[in-house]
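The values are calculated or read from the model by the stated rules, or taken from the named source; none is laboratory data. Everything numeric here is computed off the predicted structure, so don't read it as measured data. Every residue, glycine as well, gets a Cβ built from its backbone with ideal geometry; the counts of neighbours run over all protein chains shown. In case anyone asks, the SASA skips ligands and DNA or RNA and just uses the protein heavy atoms, side chains included. Shrake-Rupley method; radii C 1.70, N 1.55, O 1.52, S 1.80 Å.
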Amino acid sequence: MARKEYDTFVLTDLALIPEDKEMELIVRDLTPADRRYKYRSTFAMAMVSKSESKYPDLLWVRLGRGQLQEKPWSIKIIKEVNKFS
Amino acid sequence: MPYPVFKDNREFIKALEANNDLVTIQQEVDWDLEMGAIVRRVCEKKSASPYFKKIKDYPGFEAFGAPLATYKRLAIAMGMKPDAFVPEISNEYVKRTTGDPIKSILLDKKKAPCKENIWTGKDADLFKLPGPMVHDGDGGRYLATWHFVVSKDLETQAVNWGMYRQMVFDEKTMVGPVLPFSDMGKMFYGKYVPKNKPMPFATVIGCDPLAGVAACAPSPIPEDEFTGMLMGAPVELVKCETCDLEVPAHAEIIIEGEVIPNLLIEEAPFGEYTGYRTSPREPRTVYRIKAITFRNNPILTVSNMGVPTDEGQLLRSFSLGLEMRKLLESQGIPITGVFMLPESTHHMVVVGVKPIYSNIASQIANLVFGSKLSPWFHMVIVVDEETNIYNKDDVIHALATKCHPIRGIRKYEQSVGTPLYPFADPEDRKWSRGAQVLFDCTFPLHWSKSDLPIKVSFNNVYPKEIQEKVLQNWKNYGFKD
């Protein structure tokens, strides 16, 4: 089964992003089952790694003005966080 | 007496087609970047408006790009000759909008096309609309690029229509910047937020072209009445489904909901009207939706902000300049005209004046920089009456030859700015701080007449009879132009 792909915007120095620790971030779904939902954003509790292979899904990284980084990271989404309840 | 204008976008699309200013695209187009790329290229080449009949993943929806990105389209929208010159369109706009405001009328819901389909509850899902990914690298899909947001003041009940971009976050949520000095910013952050009250809103997409012009115009007149003045007839409104706001009955898509106090979510980046992605991705205003209503086969309007010229730059320049003209005329300043260059992304305004007293340029700059219009521009060029303000070559010539590099330039520090200024320091963008500058291109009055440089042009240094002789014989000499 193909890996799911997400992306996220990193507004700080990439080196400051903690790896292998639970953190909350906003991710966008790039490979939804229904294509109409592409780019749907969600708050998620997740663990990330700068290694492309460590976690089940791919995470593409963009900087604050949308600059796409060349190599993807990997991500394990633990749960979605609902900010609107 | 109504002007020969259009009650909805569908009539306007037909008029563009009749004037060879529309390309109907029957081929399926992808909402994910392809549609945005087409509209961007249209703006950069000043091509005809694209009318997308088939959008990938969204059967039954259509889209209309670059609706007002040229003066020709603005002239058509105003019911004027397509080849009307900018000064003619400007004078007509000022004439129509200086009379009495025209109150809107309320239609029964059964007569309102925008109520042909109503989605509420779970059905009200933003991803069921073909919001485009406009530019690669944007923070999300922007449903609202050529639209306006309706809101009402909590205390005065004054209604505002304004263009505030909205990015789709999830099925029920949109996010976007609402700058604190904007009309909606003053309402929401000044009145609703301190009381922790959500503010009802309605986003209107695919309105008639003149309502879009009015929503861009920084006029003190309520925008629905301003639209009526431009149309010469009352705008037909209809009540929303979930709040007491009213929206244009003939619009294509209405999104209703509430702006949420004390909650911010990251929005942007986005390709902006300055031609850059400048403002940072940062926490911004949150809209939660409750209902979507729309016409059968709705037509989404799509603007693509970027390098000049798109409708944001063109119309904002047009109306900002003309509101400045009204302001200066109301103060009795002997101006000959005001023109804001759309290519300056409404940052640079040219004011023509009869310099009959000293430092008149400073007086003009003080007035316009001191007005509520000022956060949106930062350069004022004041020229005398021998410069054609609508001719870029003439303005550049005046700037380069008449403006003294020290005495002719006056700086205004600590102004209100916007986060969208590419030249501003990151900290200044964050706090909407700006700076402004005047370029005085008039010769000082105390110079003696014999010291005044004389402009050397065909119109200026030849006797009338020689000019006429040359013009009459021009083709006989062998010239083809």
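Computed values, structure above
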read-out	value
Single match in A:Leu16, A:Leu63 (criterion: farther than 14 Å from B:Gly139 by Cβ and either in contact with a strand residue (DSSP E or B) (Cβ under 8 Å, 6 or more places away or on another chain) or free of Cβ contacts under 8 Å to residues at least 40 places away in the same chain (or both))	A:Leu16
Cross-chain or 6+ apart pairs with Cβ under 7 Å, region B:245-258 first and closer than 15 Å to B:Asp125 by Cα, then modelled with pLDDT under 95 and buried (at least 24 other Cβ atoms within 10 Å of the Cβ)	none
Subset tally (residues that are touching a Pro at 6+ places or on another chain (Cβ under 8 Å) and among the small types (Gly, Ala, Ser)) for region B:294-343	4
So B:Glu311, is it more than 14 Å from every other protein chain (Cβ to nearest Cβ), open to solvent by 10 Å² or more (accessible area, probe 1.4 Å) and within 23 Å of the chain's Cα centre (by Cα)	no
Considering residues of region B:128-166 that are among the acidic types (Asp, Glu) and within 14 Å of another protein chain (Cβ to nearest Cβ) only, the residue farthest from B:Leu315 (Cα to Cα)	B:Asp136
Test: B:Lys95 is without any contact (Cβ under 8 Å) to a residue 12 or more places away in the chain, open to solvent by 10 Å² or more (accessible area, probe 1.4 Å) and either of a type in the set (Lys, Arg) or away from chain A (no Cβ under 14 Å) (or both)	yes
Tabulated pairs, region B:113-139, first among the charged types (D, E, K, R), second assigned to a helix (DSSP H, G or I) and surrounded by fewer than 21 Cβ atoms within 10 Å (Cβ to Cβ), C-beta under 6 angstrom, 6+ apart or interchain	B:Lys115/B:Lys109
Inter-residue pairs, beta-carbon under 7 Å, first under 17 Å from B:Val178 (Cβ atoms) and open to solvent by 10 Å² or more (accessible area, probe 1.4 Å) and in region B:268-279, second in a loop (DSSP other than H, G, I, E, B) and polar (S, T, N, Q), 6+ apart	B:Tyr273/B:Thr345
Qualifying residues in region A:33-57 (those that are part of a strand (DSSP E or B) and under 24 Å from B:Arg277 (Cβ atoms)) - the one farthest from the other protein chains (Cβ to nearest Cβ)	A:Phe43
Which listed residue is in contact with a Phe, Trp or Tyr (Cβ under 7 Å, 6 or more places away or on another chain), farther than 30 Å from B:Met133 by Cβ and more than 14 Å from chain A (Cβ to nearest Cβ), from B:Asp224, B:Asp208	B:Asp224
Verdict on B:Gly36 being outside any helix (DSSP H, G or I), touching a Pro at 6+ places or on another chain (Cβ under 8 Å) and not polar (S, T, N, Q)	no
Odd one out for B:Asn296 among (1) of a type in the set (S, T, N, Q); (2) in the same structural domain as B:Val39 (by TED's automatic domain parsing); (3) touching a helix residue (DSSP H, G or I) at 6+ places or on another chain (Cβ under 7 Å)	(3)
Test for A:Leu30: is it within 30 Å of B:Ile55 (Cβ to Cβ), away from every other protein chain (no Cβ under 14 Å) and modelled with pLDDT of 95 or more	no
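Yes or no, residue by residue, for (1) within 14 Å of chain A (Cβ to nearest Cβ); (2) surrounded by fewer than 21 Cβ atoms within 10 Å (Cβ to Cβ):
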position	(1), (2)
B:Pro4	no, yes
B:Glu11	no, yes
B:Val23	no, yes
B:Glu34	yes, yes
B:Val39	no, no
B:Glu44	no, yes
B:Tyr51	no, yes
B:Pro59	yes, yes
